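For reference, the structure is listed below as structure tokens.
The values are calculated or read from the model by the stated rules, or taken from the named source; none is laboratory data. Bear in mind that the values here come from a model prediction, so they are computed numbers and not experimental data. With ideal geometry, Cβ positions are generated from the backbone for all residues, glycine too; neighbour counts draw on all protein chains shown. Surface accessibility is based on the protein's heavy atoms, side chains included, excluding ligands, DNA and RNA. Shrake-Rupley method; radii C 1.70, N 1.55, O 1.52, S 1.80 Å.
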Amino acid sequence: MTPAVPASDLAARTLELVDISSESRREQAAMELVRSLLPGEPLYDDGDAIVWGDAAAEVALAGHLDTVPAQDNLPGRIAGGVVHGLGASDMKGGVAVMLELALAGAPARYVFFTREEVALDESPLPAVFESGVLEGTELAVVLEPTDAILHAGCLGNIQARIDFHGESAHSARPWTGRNAIHALADGLAPLARLEPLDVELEGLVYREVLSAVRVEGGIAQNVVPALASAELNFRYAPSRSRGEAEARLRELVPHGELHVLHASPSAPPALANPLVERLRELVPDIAPKQAWTPVAQFAEQGIDGINYGPGATAYAHRQDEQIPVANLHSVCDTLARFLGSGSG
């Protein structure tokens, strides 16, 4: 396997990707760049996802091209050994590494896709799975930001809304009604005292956490409100199924009317997978993924997954988002060795 471009150009490729705006649902220009760089015919291309490479490879590398909305962090720049700009860490640096490995001929199936930073029901990956193009895949390496170490599994993610109902009244005579905001405050009081729950799996500790992330209520300063609502975010350990996680959420907030808005599955660590074991020989540092990633979607299809990417987790989604150029080189070199050691 020979490099497609000098390693120093990984930073330039990352910057090129950063400078192509690709906020979720507006990724087509970035997808067209990927399409134009990959030689020959893809294994799959429906406009929202491209699968390219060796149809028999047992390893798939996966990365999304969309970003969160811009925060005055475009265009990007390279300075001090760092690529700065929207999506640099999450996860255009990972996509740059994928492109380099693909162009260098590293044996893998390369999955480039859109709409990861939005609700799971918008993901194009289910259509990819349904096509059969990933059949026979033994391991998916998702190049989400991991600071160039391994992040095993991932948390599940439930977004919910809880409604508290009252009865409207004049604020000068509140006893003639029932204040829904007061009911909400009482109903969420146990949540404010809730401590993270540590769950150990295969020697890794995942932390279950529940947070109120948005509150709404009231229509005027002189009206006792009849409705108050809060949005809740529950990150649950891979030891729970989606159904079990929803049941647990209802236990934690027993009062009010709970509505699950979105639910994303968790993924187990998959450390017993022989390919993961071999990758760990190259990357010994490992941590639990204290977030959700698409490894969960692969896991639901019976495909083990691991997170390993060059991005800096501390800078993902920040206005000053950035990625060390050294991380790009390290992850690219490691995956080249991994893919070249008999995994194809």
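Scan the stretch 62-95 for residues that are assigned to a loop (DSSP other than H, G, I, E, B), touching a strand residue (DSSP E or B) at 6+ places or on another chain (Cβ under 9 Å) and not aliphatic (A, V, I, L, M) and jot them down.
66, 69, 73, 76, 81, 85, 87 - these are the residues of the stretch 62-95 that are assigned to a loop (DSSP other than H, G, I, E, B), touching a strand residue (DSSP E or B) at 6+ places or on another chain (Cβ under 9 Å) and not aliphatic (A, V, I, L, M).
What residue, of 133, 141, 213, 118, is β-branched (Val, Ile, Thr) and surrounded by fewer than 14 Cβ atoms within 10 Å (Cβ to Cβ)?
Details: 133 fails: surrounded by fewer than 14 Cβ atoms within 10 Å (Cβ to Cβ); 141 fails: surrounded by fewer than 14 Cβ atoms within 10 Å (Cβ to Cβ); 118 fails: surrounded by fewer than 14 Cβ atoms within 10 Å (Cβ to Cβ).
The unique qualifying residue is 213.
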(message) Any residue at all in the stretch 36-49 that's at pLDDT 95 or above, buried (at least 22 other Cβ atoms within 10 Å of the Cβ) and not basic (Lys, Arg)?
(response) yes
(message) Looking at 276, 260, 209, 213, can you tell me which residue is in contact with a helix residue (DSSP H, G or I) (Cβ under 9 Å, 6 or more places away or on another chain) and of a type in the set (A, V, I, L, M)?
(response) 260
(request) Would you tally the residues in the stretch 33-67 being touching a Ser or Thr at 6+ places or on another chain (Cβ under 8 Å) and under 18 Å from residue 338 (Cα atoms)? (result) 4
(message) Tell me whether the stretch 40-48 contains one or more residues that are of a type in the set (A, V, I, L, M), in contact with a helix residue (DSSP H, G or I) (Cβ under 6 Å, 6 or more places away or on another chain) and either in contact (Cβ under 8 Å) with a residue 40 or more places away in the chain or assigned to a loop (DSSP other than H, G, I, E, B) (or both).
(response) no
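How many of the residues making up the stretch 293-342 are among the acidic types (Asp, Glu) and open to solvent by less than 40 Å² (accessible area, probe 1.4 Å)?
First, pick out the residues of the stretch 293-342 that are among the acidic types (Asp, Glu): 300, 304, 320-321, 333.
Imposing the further condition that a residue be open to solvent by less than 40 Å² (accessible area, probe 1.4 Å) reduces the set to 321.
Count: 1.
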(request) State which residue pairs qualify: first residue closer than 20 Å to residue 71 by Cβ and in contact (Cβ under 8 Å) with a residue 40 or more places away in the chain and inside the stretch 315-327, second residue in a helix (DSSP H, G or I) and open to solvent by 30 Å² or more (accessible area, probe 1.4 Å) in any location, beta carbons under 6 Å apart, and separation of 6 or more residues or different chains. (result) 321/315; 322/315
(message) Need pairs with beta-carbon distance below 7 Å; first residue closer than 30 Å to residue 178 by Cβ and within the stretch 227-248, second among the aromatic types (Phe, Trp, Tyr) and open to solvent by less than 20 Å² (accessible area, probe 1.4 Å); sequence gap 6+ or separate chains.
(response) 228/164; 248/236
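Looking at the stretch 158-179, which of its residues are within 30 Å of residue 291 (Cβ to Cβ) and open to solvent by less than 20 Å² (accessible area, probe 1.4 Å)? Write out each step before concluding.
First, pick out the residues of the stretch 158-179 that are within 30 Å of residue 291 (Cβ to Cβ): 158-164.
158, 160, 162, 163, 164 - these are the residues of the stretch 158-179 that are within 30 Å of residue 291 (Cβ to Cβ) and open to solvent by less than 20 Å² (accessible area, probe 1.4 Å).
Step by step: first the residues of the stretch 144-155, then only those that are of a type in the set (A, V, I, L, M) and open to solvent by less than 10 Å² (accessible area, probe 1.4 Å), then the one that is farthest from residue 273 (Cα to Cα). Which residue is that? Please lay out each step first, then the result.
At the first step, the residues of the stretch 144-155 found to be of a type in the set (A, V, I, L, M) are 148-150, 152, 155.
Applying the additional criterion that residues be open to solvent by less than 10 Å² (accessible area, probe 1.4 Å) yields 150, 152, 155.
Values: 150: 14, 152: 11, 155: 19 Å.
Filtering first and then ranking leaves 155.
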(message) Given the options 95, 83, name the one that is surrounded by 24 or more Cβ atoms within 10 Å (Cβ to Cβ), touching a helix residue (DSSP H, G or I) at 6+ places or on another chain (Cβ under 7 Å) and farther than 19 Å from residue 336 by Cα.
(response) 83
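Considering 155, 120, 134, 86, which residue is over 30 Å from residue 257 (Cβ atoms) and under 18 Å from the mean Cα position of the chain (by Cα)?
Selected residue: 86, the only one of 155, 120, 134, 86 that is over 30 Å from residue 257 (Cβ atoms) and under 18 Å from the mean Cα position of the chain (by Cα).
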(request) Could you please give the count of residues in the stretch 210-245 that are touching a Phe, Trp or Tyr at 6+ places or on another chain (Cβ under 7 Å) and modelled with pLDDT under 95? (result) 0
(message) Consider the stretch 269-285. How many of its residues are in contact with a Ser or Thr (Cβ under 9 Å, 6 or more places away or on another chain) and either crowded, with 21+ Cβ neighbours inside 10 Å or free of Cβ contacts under 8 Å to residues at least 60 places away in the same chain (or both)?
(response) 2
(request) State yes or no: is residue 117 touching an Asp or Glu at 6+ places or on another chain (Cβ under 6 Å), charged (D, E, K, R) and within 20 Å of residue 295 (Cα to Cα)? (result) yes
(request) Within the stretch 181-210, track down each residue that is open to solvent by 70 Å² or more (accessible area, probe 1.4 Å) and touching a residue at least 60 places away in the same chain (Cβ under 8 Å). (result) 186, 202, 207
(message) Among the residues of the stretch 242-253, are any over 22 Å from the mean Cα position of the chain (by Cα) and among the basic types (Lys, Arg)?
(response) yes
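Results for (1) of a type outside the set (D, E, K, R); (2) under 22 Å from the mean Cα position of the chain (by Cα), shown as yes or no for each residue.
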{"residue": "227", "(1), (2)": "yes, no"}
{"residue": "234", "(1), (2)": "yes, yes"}
{"residue": "238", "(1), (2)": "yes, yes"}
{"residue": "268", "(1), (2)": "yes, yes"}
{"residue": "279", "(1), (2)": "yes, yes"}
{"residue": "284", "(1), (2)": "yes, no"}
{"residue": "304", "(1), (2)": "no, yes"}
